[in-house]
Every structure is written in C-alpha cells, then in structure tokens.
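Heads up: the structure comes next, in structure tokens.
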Amino acid sequence: MSVSSLGYIGLSVSDQEAWKAFLGDILGMMEGVPDGDTTRMRMDGYAWRIAIEPGEEDDLVYTGYEVPDVASLRDIRERLRNIGVEVTDGSPELCAQRGVMGLFQCEDPSGLQIEVFYGPNVLTDIPFVSPAGIKEFVTGEQGLGHIFMESSDIDRLREFYVEGMGFEMSDIIHMPLDPSTPDVSVDLEFYHCNPRHHTIGLAPGGGNKRMHHFMLEVPTMDDVGFTIDRAERAGVPVPIPLGRHSNDLVTSFYMVSPSGFAVEFGYGGIVIDDNWKLARHTTPSMWGHRGLGGR
Ligand SMILES: [Fe+2]
C-alpha cells in the first residue's frame, strides 16, 4: 500500500504578503483561517492546502501526505520503521493545529519534515470561492498537485518514497541539459501514489533549495490562459512559457514564485491506473516549454 495523496505543503517564506498575493490574485487560491502568523490557502473543500509561514528558508519545509484511515496510518508507519526511519506520533496539539484527526512525523533523507495524516477538516459550510475566478482545481483523489524536489542523494530519497511511503515509479525523462552537449544528461524520476501521473518528482541536483517547483492543475485550457494573463499583468516572471509535457501530457507554464523556486500551472494531465507501464522519455516536452532542459 501507499499514501493516498499529497494533502498539504508548508513553505517558509521571507515575503508573506507577496506569497499571499501570488497564490490568491494570480493562482486563484482562497485564503483560509490562519494558524497564528501562518497564512493558509485553500483550493477546494479542505480547510487548507498550502501554509505560508514567515521565515528565511524560502523553501518547502514540510509536506503532508494523506491516508484514508487510522489503519492505513499504522501500515505506512510500519513500512517506514522497517526501513529504519524514526517516526514520532503527532501530539493532540499538533493534530489540532493541522486540522486533522491523526498524524505522525518523520524526516525524509534530505531532512525534509514529512507528515502522514488522516481525517482532514473539510469545510462544507464555507465553499471554495476563487478570488481570481477559477471554478475549481483538480484535487480529490489526486491530491493538491505535485512537488518536484532536487537532491544530491536520489538513491536514499528513492528508497524512502518507494519502500517507505509506497510510491511507484511512473517513468523517467532522460533530459539533455543543453542541446549543444547532448551527451550531458540527467534522469528525472516521476512517482505516483494515485491516478495523478506523478505526485512527486526527483531530480539530481546540488541546488540550495529542496523545492524545484510545485504544480497545481486546473480543469481547462482557459483557466491556464487567464492565469498566464494575470501573471503577465502582475509582472510575474515566466521563465518557461506554455508547452506540453511528454510524460503526463500536462499543458502548462512555469512562473517564478516570490521565494525564487518555480510554480507550474497546467491542465489536462493524464490519469493512470493499475495497468500503467514504465516508460523512458528523451525529452521533457512534446512542444513548447522553451528553456526547459535545453529546449
Ligand atoms: Fe512539474
């Protein structure tokens, strides 16, 4: 078994106001009830999906993966203990803070705080209303989107996420870094835990941030197009313009977030099932995405 989905992420950011405007006015997320000085943003019926806490890291500082019930929580905890991961059960205070019925915490091999939870607060009385006019995001069983992380120790991360958390590989993109030196390439690895093609991606890298980008998905091309316009009007840098990925077939573009890492925004990702077969791609994108992987 695996975790069910990416439930929430926590970011430590040096410019909270800029992040609030970015997630709200540009990406269309709704402000939820804050947790002290931590702003929390919604994208569906869940009480929150992205927490923005004041800090200096300008990076991902924790991720919360959802499981359906307490039995599944125990199963994942056992899997992690079996590969030598130290696991701490969440206190009632922490569960109340996160708004979940139960959780445990551990660290992935890069030192990222991982939480596995069940029973999130769901707000049927305060429906999601986007300040930017997005009707809905693609969440549900596919979770909030995906995160793409860079690490200098992919082997240990792979063991943690596959053997511990139960992820399965979706495919690999063998990507040249520059068209002029096609023999210099990296392997990007993509992993799923539900019908979303990938919930996590791993790339070798020695960058100073864990987070390369996170991705949010909307149901229509118009939702993406209007977001491109909002980003352009607000002067948000778009280092990678519209394109369609080779593996999950998402049509997307990438913005620079107020913390420097990227945010991918797209639509049309494929959903996968138990008959999924591994594949190896030699380009990140079918078309577009100029600037990505030497394209
Ligand atoms: Fe992505």
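The values are calculated or read from the model by the stated rules, or taken from the named source; none is laboratory data. All of these numbers come straight from a predicted model, not from anything done at the bench. Methodologically, a virtual Cβ is constructed for each residue, glycine included, from the backbone with ideal geometry; neighbour enumeration extends over all protein chains shown. Side chains are part of the model used for accessible areas, which takes the heavy atoms of the whole protein and leaves out ligands, DNA and RNA. Shrake-Rupley method; radii C 1.70, N 1.55, O 1.52, S 1.80 Å.
Here are the numbers for the structure shown:
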quantity: Matching option when the condition is of a type in the set (A, V, I, L, M) and not in a strand (DSSP E or B), among 238, 186; calculated: 238
quantity: The range 255-276 residues that are within 13 Å of the ligand (Cβ to nearest atom), paired with ones that are basic (Lys, Arg) and part of a loop (DSSP other than H, G, I, E, B) (beta carbon under 8 Å, 6 or more apart); calculated: 261/209
quantity: Filter result (open to solvent by 30 Å² or more (accessible area, probe 1.4 Å), among the polar types (S, T, N, Q) and within 20 Å of residue 40 (Cβ to Cβ)) within the range 121-162; calculated: 121, 124
quantity: Qualifying residue in the range 195-204 (condition: open to solvent by less than 10 Å² (accessible area, probe 1.4 Å) and of a type in the set (S, T, N, Q)); calculated: yes
quantity: Number of positions in the range 236-254 that are away from the ligand (no atom under 13 Å from the Cβ) and open to solvent by less than 60 Å² (accessible area, probe 1.4 Å); calculated: 3
quantity: Whichever residue in the range 45-66 is more than 17 Å from residue 215 (Cβ to Cβ) and of a type in the set (Phe, Trp, Tyr) and, among such residues, is surrounded by the fewest Cβ atoms within 10 Å (Cβ to Cβ); calculated: 62
